[in-house]
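Report on the following structure.
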């Protein structure tokens, strides 16, 4: 049996729209890409370490996870910098291209 759904009506007869939930940081980060997701995870790990809301035996694991995530972010940034540098070099090399003249030798 299908239910008939309708909008909620106020006392004055106007309908109200249901509230839309804002996307959380993690949802936005997942849509954004790997680096954005890692940044959110790093922030959450750091906040958890700062709060002290963890058992004593879990501290080393949280620190290890934080270091691993931070290392991944730094590697992604380094790769992006290398690609940007290579693209800039290629652009510079192609901008200086002049036709080869065999008589110049």
Within segment 33-54, the count of residues that are assigned to a helix (DSSP H, G or I) and under 18 Å from the mean Cα position of the chain (by Cα) comes to 14
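What about residue 70, is it at pLDDT 95 or above and in a helix (DSSP H, G or I)? Steps first, answer last, please.
On the way: at pLDDT 95 or above: yes; in a helix (DSSP H, G or I): yes.
Against the criterion (at pLDDT 95 or above and in a helix (DSSP H, G or I)), residue 70 qualifies.
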Selection from segment 29-64 of residues surrounded by 15 or more Cβ atoms within 10 Å (Cβ to Cβ) and out of contact with any helix residue (DSSP H, G or I) (no Cβ under 6 Å at 6 or more places or on another chain) yields 39, 48
Taking segment 55-65 and keeping residues free of Cβ contacts under 8 Å to residues at least 12 places away in the same chain and either closer than 24 Å to residue 27 by Cα or assigned to a helix (DSSP H, G or I) (or both) leaves 56, 57, 58, 59, 60, 61, 64
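The values are calculated or read from the model by the stated rules, or taken from the named source; none is laboratory data. Predicted model, so just to flag it, every value in this text is computed and none were measured. As a convention, Cβ positions derive from the backbone with ideal geometry for all residues, glycine included, and neighbour counts pool all protein chains shown.
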